[in-house]
Structures are given as C-alpha cells and as structure tokens.
Amino acid sequence: MDIQSLLKQNLGLKIFSIFISIALWASIKYTSPATLYNYYQTSLYVPVKYVNAPKGLVPVHTDEQVLIELKGEPAKIASISSSDFSAVVDMSGCKKGSNMVDVTLKFPSEVTITNVQPSKINFELEEYSSVQMPISLRTTGVPSSGYKLASSKVFPDEVTISGPVSSTNKVKKILADVDISGINTSTKFFIPLKAFDSLGNALDDVHLLPANVSVVCHVDRGFRVQAVSVIPSFKGDIPNDIDVKSIDIEPDIVSLKIPDGVNFKSNIVRTRVIDLGNLKKNLEQNVRLELPEGVSAVDSNIVKVNIIVKKKGTKK
C-alpha cells in the first residue's frame, strides 16, 4: 500500500485526533499553576498594629496597612478575611527619631504567605505631649420664628489634647459646632469636638479627652429693651396727724424686655399698690412692678420704696 493510500485511510479519525491534541495543549498552556496543583492565590490588605512604644514616645509617619499575597486550597481561601490576619510592628528597643522594623505576621495555618509589601516599615518616634485648651462654641442656624438665642454654654469647657508633639503644637482651636435650627425651648445637645490649626484645617492625628461635650442652648422670644420710669401706686388716706416728707424709689428707672408682637409704648411702669391708710412711721418696703403680660425686667422686677414721714406739730 502506497503512502497516499495510508494517509487517506481513517482520515476523519485522524483529523479529530489533531483537534483533541490542540485543545489539550491550549488547556495546559492557559491554565494557571495554582489550578493545576489545586490551590488558589489571592491578596488582601491587613491593618498594621504598633506595639510596645518606649515610654514617652509615639509613632508618626506610619504605614497604616500592608498588602499580603497568599495561597491555599480554594475552599479555605474563600472563607478567610483580613480579620483572620494581624500585622504587628514591635517598637521595643526603638529610639527617638527614624526606625525601621520588620512586620510580624500572624495568619491561619491553612494558608501560605507568598509575599508581604512592605515587609519592613520605616517610621519615626516623637515625644508624647498632653495639653489643655478651652473649648469654643460655634452655633449655626436660627431658632424658630419669633425666638432668638439667649445664651449657650458647653460642659466641660476645657479639653485635654494628646499626641505627638509636632501634632499638638499645631492645634490652635477646639470647636464644638451645634446647629440650633428650629429650636423654641432650652435644648441640650451632645456634640463631638474637632481640632483645627491656625489656617482652619481639621487635625485628625490628635486625641481629645473628652471627645464629646454637652451644649445647653437657651432661647428667648425676640424682644427690644426699653427704659421706663417707675411710679409708685398708693391706696388709702394718709392719717390726719401724718405729713409725708419724701417718697424715694430705688431704682426709679428700669429696663424692660418687650417681646416682639407685644404692644407696649408707655414710658412709665407702676408698682403694686401700697396701702397708706395705716402709715404712722417711716416705711421701707420692697414692691413688685406691675408688668404687662410677656414683659419682664432686664434685671429685677422688684424696687424699694422709702417713705419718710413726720407727725404734724413736730419740728422734725
């Protein structure tokens, strides 16, 4: 049988075999070694924990996380997360200034670590600083219509700032921001504190104690202040044998808070009634002012009335 006849014999089967060979070669060429050897490769980020800082020093300019490359059986790899790993930098023996320390990894035994980036971390140790600063209160928004902010206070009014000295030195102001929009009664807020530098930039690398404060805001109706004269009110007839030498009021002028919408245009205000029917000697009495509804005194609504008398027929 000649060569040409041999080539034509079982031609279809031979062509099929060639296709199978090509497919097998492609499968081997483009399948990863991990698949061939029944393991899976992946990577994840793990936060770095810094421990055993020398007394009085704190780390700065640190890497916050490392990238870990690992491999393992697919079923086991699928069930793990970054929380199953720890990356630790032990600062024992480090000195103030620049330091470079190996990253120590703890990880599940069923996986293999193939790479860590970075495997060494370069950082600096700075002196630890702790200072106290007053807290500034900043309000935004406006109360309900017809009300205005009367007073506000923060408790406590000081905060302790701690951290690297290069960071604490930047802090120029501690703010408690409170939004008073829409309030119509005295209100208590619980507000987080924020640290700012001289340019108004927020600083996140310092620790604040307390981190939150209470702020109490008191509101009052919108009002105008008006000064008025105090006029005493009397009833009863002075006894026939008594002469009144003088009547003094202290103070004789008071300032009133008149809420918006209250129609009060008088330039005087009267006291409550004092009975003169039994007046037999000098009288010194504290008397309340008779104020219209909604109107109040800026200071006290009580005045002192002093009446000096003498009996008729006497020289004094």
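Values quoted throughout were computed directly from the atomic coordinates according to the rules given, and no laboratory measurement underlies them. In this text the structure is predicted, and so the values were computed from the model without any measurement. With ideal geometry, Cβ positions are generated from the backbone for all residues, glycine too; neighbour counts draw on all protein chains shown.
Of note:
- Solvent-free Debye calculation, one equal scatterer per alpha-carbon of the chain: log10 I(q)/I(0) at 0.13 Å⁻¹ equals -1.08.
- Residues Asp179, Asp220 arranged by fewest to most Cβ contacts within 10 Å: Asp179, Asp220
- Near the amide H of Ile274, within less than 5 Å, lie the amide hydrogens of Ser233, Phe234, Lys235, all on another chain or at least 5 residues away, with H placed in the peptide plane.
- Between the amide H of Ser144 and those of Gly182, Ile183, Asn184, distances stay under 5 Å, these residues lying 5 or more places away or on another chain, with hydrogens modeled in the peptide plane.
- Each of Ser167, Thr139, Leu203 was scored by the projection of its Cα onto the charge dipole of region 128-221, and the greatest displacement toward the positive side belongs to Thr139; charges sit on the C-beta of Lys, Arg, Asp and Glu.
- In a fully extended conformation the segment linking Asp275 and Thr62 would gain 68.4 nm over its present Cα-Cα distance, using 0.36 nm per residue.
- Sparse-neighbour loop sites [trypsin sites (Lys or Arg not before Pro); region 35-122; at most 11 other C-beta within 10 Å; DSSP]: Lys55, Lys95
- Note on Lys310: aspartates and glutamates with a C-alpha under 13 Å away, same-chain residues under 8 apart excluded, are Asp241, Asp243.
- Relative to the current alpha-carbon distance between Glu69 and Ser166, full extension at 0.36 nm per residue lengthens the span by 31.4 nm.
- Note on Leu209 and Lys153: with the Förster distance fixed at 25 Å, the Cβ-Cβ geometry gives a FRET efficiency of about 0.80.
- When each of Lys257/Lys304; Lys265/Lys304; Lys188/Lys304; Lys55/Lys106; Lys96/Lys153; Lys106/Lys194 is checked by Cα-Cα distance, pairs over 32 Å: Lys188/Lys304; Lys96/Lys153; Lys106/Lys194
- Each Lys or Arg adds one and each Asp or Glu subtracts one; over the other residues with Cβ under 13 Å from the Cβ of Thr139, this totals +1.
- Rounded to the nearest 20 debye, the dipole magnitude of the chain is 1420 debye, with +1 charges on Lys and Arg beta carbons, -1 on Asp and Glu beta carbons, and the Cα centre as origin.
- Taking region 195-213 and a reference point 7 angstrom along Cα→Cβ of Tyr128, the backbone N atoms nearer than 20 Å belong to 204-211.
- By the beta-carbon count within 10 Å of each Cβ, the least crowded to most crowded order of Ser152, Ser300, Ser167, fewest first, is Ser300, Ser152, Ser167.
- In order along region 276-284, the phi-based Karplus estimate (6.51 cos²θ - 1.76 cosθ + 1.60, θ = phi - 60°) of 3J(HN,Hα) comes to 9, x, 10, 6, 10, 8, 3, 10, 10 Hz; Gly and Pro are listed as x.
- Chymotrypsin sites (Phe, Trp or Tyr not before Pro), loop per DSSP, at most 12 other Cβ atoms within 10 Å - longest free stretch of the chain: 38-316
- To the nearest ten degrees, helix 11-29 and the longest principal axis of the Cα atoms of the chain are 40 degrees apart.
- In this structure the amide hydrogen of Ser129, modeled in the peptide plane, comes within under 5 Å of the amide hydrogens of Gly163, Val165, none closer than 5 places in sequence on its chain.
- Extension gain, Thr114 to Leu137, is 3.0 nm, computed as 0.36 nm per intervening residue step minus the present C-alpha separation.
- Net charge over other residues, Cβ less than 9 angstrom from the Cβ of Cys217 (K, R count +1; D, E count -1): +2
- Within region 44-111, GluC sites (Glu not before Pro) in DSSP loop having at most 15 other beta-carbon neighbours inside 10 Å: Glu64, Glu110
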